[in-house]
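Everything below concerns the one structure shown next.
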Amino acid sequence: MTKRIFITATNTDIGKTYTTKLILKEYASRGLRVGVIKPIETGVIGEVYLDGNELLKSVKELNPEFINIEVKDIVPISYKLPAAPYIASKAKILDLEILDKAIFKLEKLCDILIIEGAGGLYVPIDEKYMIIDMIKYFKASALLVTHCSLGCINDTLLSEKALKNMDIKFTTAFNCNGNDDGFLKISEPFFKNTREEILKVDKNIDTICDVLYNL
C-alpha cells in the first residue's frame, strides 16, 4: 500500500512546496518511487500552475514512471482566483471522486505519495470541508510546516492543537527561511523547553523523513 504524507502549514507562503520538493528528493535518494499531488490549487491562470508545475518538474526528475503525467494529473482541481477554494470556486461542492481518481492513478506509479495542501489547516474548501478534513479523508499522516518569525509560537501551537483534536498523526518542522538568528532569540527558547526535538526544514530533512515514514 502506498504511504501517504500530507504537507500542511500554519498559513500560506510558509514553504509547503519548497519542503515538499526536499522531501521528494530525500525519499527518492533512499530508493523509493516518489509521487506528488496537490489536490487543489488556486491562482491558476491558463497553464500557469505556480506550485503544480514546480512539483511536476521535480517528481519527473526523480521518478521516471511519471514521464507521461501532466500538470492536471498533479493538480486535479484548480481555480483562477488566488483565494481560498471556497471563495475561488464560488462555494462549489467539492467533488471527492475527482480527487480519489487522481490519487488512484498516481499511486500506481509510486511507493510514497506526498500530498500538498493549500494554505493552512482551516482554509475552507466548500461548506463542509476544510483542508484539515482532507488529511483525515485521505488517511494520511501529516507534516506541519511552520515559520520562525515573531508569532510562530501561537501559530504553531494552534495548528498542532487542531491536528491533535482530529487524531491526525503528525510532526512539525520549522522553515526559518534565513531567519535562524531571530528564531534563536525570540521563539526557540520556548520550544526547547517544551519538546524533545526541534526539526528544521533546511537542516533536518533526513530526520523529518524518518519520522514521517514511521508515523
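The values are calculated or read from the model by the stated rules, or taken from the named source; none is laboratory data. Here the structure is a predicted model, which is why all the values come from computation and not from measurement. When we count neighbours, we look across all protein chains shown, and the Cβ atoms used for this are built from the backbone with ideal geometry, even at glycine.
Please determine whether any residue of the stretch 90-97 is at pLDDT 95 or above, surrounded by fewer than 16 Cβ atoms within 10 Å (Cβ to Cβ) and at positive phi.
yes
Output the residues belonging to the stretch 51-80 that are assigned to a loop (DSSP other than H, G, I, E, B), over 20 Å from residue 27 (Cα atoms) and touching a Gly at 6+ places or on another chain (Cβ under 7 Å). Break it down into steps so the answer makes sense when it comes.
First, pick out the residues of the stretch 51-80 that are assigned to a loop (DSSP other than H, G, I, E, B): 63, 67-70, 75-76, 80.
Keeping just the survivors that are over 20 Å from residue 27 (Cα atoms) gives 68, 70, 75-76, 80.
Matches in the stretch 51-80: 75 only.
Output the residue which, of all residues in the stretch 158-209 that are of a type in the set (Ser, Thr, Tyr) and not in a loop (DSSP other than H, G, I, E, B), is modelled with the lowest pLDDT. Full working, then the answer.
Quick first cut of the stretch 158-209, residues of a type in the set (Ser, Thr, Tyr) only: 159, 171-172, 187, 194, 207.
Right, trim to not in a loop (DSSP other than H, G, I, E, B) and you get 159, 171-172, 194, 207.
On the way: 159: 98, 171: 98, 172: 98, 194: 95, 207: 98.
Once the filter is applied, the top-ranked residue is 194.
Would it be correct to say that residue 139 is charged (D, E, K, R), under 22 Å from residue 212 (Cβ atoms) and part of a loop (DSSP other than H, G, I, E, B)?
Details: charged (D, E, K, R): yes; under 22 Å from residue 212 (Cβ atoms): yes; part of a loop (DSSP other than H, G, I, E, B): yes.
Yes, satisfied.
Can you tell me which residue is surrounded by the fewest Cβ atoms within 10 Å (Cβ to Cβ) among those in the stretch 1-43 that are small (Gly, Ala, Ser) and either modelled with pLDDT under 95 or part of a strand (DSSP E or B) (or both)?
Only one residue tops the list, namely 9.
One residue is enough: does the stretch 119-138 have a residue meeting the conditions under 27 Å from residue 27 (Cα atoms), touching a Lys or Arg at 6+ places or on another chain (Cβ under 8 Å) and surrounded by 17 or more Cβ atoms within 10 Å (Cβ to Cβ)?
yes
Checking residue 102 against (1) touching a residue at least 40 places away in the same chain (Cβ under 8 Å); (2) within 30 Å of residue 204 (Cα to Cα); (3) buried (at least 17 other Cβ atoms within 10 Å of the Cβ), which test does it fail?
It is condition (2) that residue 102 fails.
Name every residue in the stretch 186-215 that is without any contact (Cβ under 8 Å) to a residue 12 or more places away in the chain and not charged (D, E, K, R), in order of residue number.
Once the filter is applied, which keeps residues that are without any contact (Cβ under 8 Å) to a residue 12 or more places away in the chain and not charged (D, E, K, R), the stretch 186-215 yields 189, 193, 194, 207, 214.
So how many residues does the stretch 143-157 have that are in contact (Cβ under 8 Å) with a residue 60 or more places away in the chain and not in a strand (DSSP E or B)? Let's see the steps before the verdict.
First pass over the stretch 143-157, keeping only residues in contact (Cβ under 8 Å) with a residue 60 or more places away in the chain: 143-147, 152, 155-156.
Of the ones still in play, those that are also not in a strand (DSSP E or B) are 147, 152, 155-156.
The total comes to 4.
Exactly one of these conditions fails for residue 115: (1) assigned to a helix (DSSP H, G or I); (2) touching a residue at least 40 places away in the same chain (Cβ under 8 Å). Give me its number.
With (1) assigned to a helix (DSSP H, G or I); (2) touching a residue at least 40 places away in the same chain (Cβ under 8 Å) applied to residue 115, the lone miss is (1).
With the requirement that a residue be touching a Pro at 6+ places or on another chain (Cβ under 9 Å) and of a type outside the set (Lys, Arg), what does the stretch 98-118 give you?
98, 99, 102, 103, 115, 116, 117, 118
Restricting attention to the stretch 32-42, does a residue exist that is touching a Ser or Thr at 6+ places or on another chain (Cβ under 6 Å) and among the acidic types (Asp, Glu)? Walk me through it before giving the result.
Pass one, the stretch 32-42, residues touching a Ser or Thr at 6+ places or on another chain (Cβ under 6 Å): 41.
Applying the additional criterion that residues be among the acidic types (Asp, Glu) yields 41.
Scanning the stretch 32-42, I find at least one residue that is touching a Ser or Thr at 6+ places or on another chain (Cβ under 6 Å) and among the acidic types (Asp, Glu), so the answer is yes.
Inspect the stretch 70-79 for any residue being buried (at least 22 other Cβ atoms within 10 Å of the Cβ) and under 18 Å from residue 21 (Cα atoms) and give the result as yes or no.
yes
Looking at the stretch 44-69, which of its residues are touching an Asp or Glu at 6+ places or on another chain (Cβ under 9 Å), without any contact (Cβ under 8 Å) to a residue 60 or more places away in the chain and either of a type outside the set (A, V, I, L, M, F, W, C) or surrounded by fewer than 20 Cβ atoms within 10 Å (Cβ to Cβ) (or both)?
Within the stretch 44-69, 49, 50, 52, 53 meet the criteria.
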